[in-house]
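The values are calculated or read from the model by the stated rules, or taken from the named source; none is laboratory data. Because the structure is a prediction, the values reported are computed rather than measured. Cβ: placed from backbone, ideal geometry, glycine included. Neighbour counts: every protein chain shown. To get the accessible areas, we keep the full protein, side chains included, count just its heavy atoms, and leave off ligands, DNA and RNA. Shrake-Rupley method; radii C 1.70, N 1.55, O 1.52, S 1.80 Å.
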Amino acid sequence: MPTYETLPRFTTDLDHLTPEQRRRFRQTVTAFVEDLRTGRFRAGLRVKRVQRTSGIYELTWSMGTGPAGRATWEYGPEHRPGTPHVIWRRIGTHDILTGP
């Protein structure tokens, strides 16, 4: 199982989501974790590097009505050998990309 941590800004952003938006994020993370194990992300997760950054990625999913949900993250040092460690940075809509 991959390990993770959250930055304070991510926690603040998460608190501003609706319960339904948080539920959709949790569903997306289930698929994300499965893909971390295989080392290959499915196209539906739309994982890509954030432009003009070094080592920060975004994950995009549908939040139902309204704009798509996005979360930014980066790989951190492994806490267990051979197990990816993810640092969640921001979560919300496209607006989070101004300060990923």
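Observations on the model:
- Positions within segment 75-100 being over 19 Å from R40 (Cα atoms) and open to solvent by less than 20 Å² (accessible area, probe 1.4 Å), in sequence order: I91, G92, I96
- Single condition E74 does not satisfy, out of (1) more than 23 Å from R22 (Cβ to Cβ); (2) within 12 Å of the chain's Cα centre (by Cα); (3) of a type in the set (D, E): (1)
- Segment 1-57, residues that are open to solvent by 90 Å² or more (accessible area, probe 1.4 Å), under 13 Å from the mean Cα position of the chain (by Cα) and polar (S, T, N, Q): Q27
- Within the set R70, R89, the sole residue that is part of a strand (DSSP E or B) and modelled with pLDDT of 95 or more turns out to be R89.
- Test: residue in segment 58-74 that is among the charged types (D, E, K, R), surrounded by fewer than 18 Cβ atoms within 10 Å (Cβ to Cβ) and out of contact with any Lys or Arg (no Cβ under 7 Å at 6 or more places or on another chain): no
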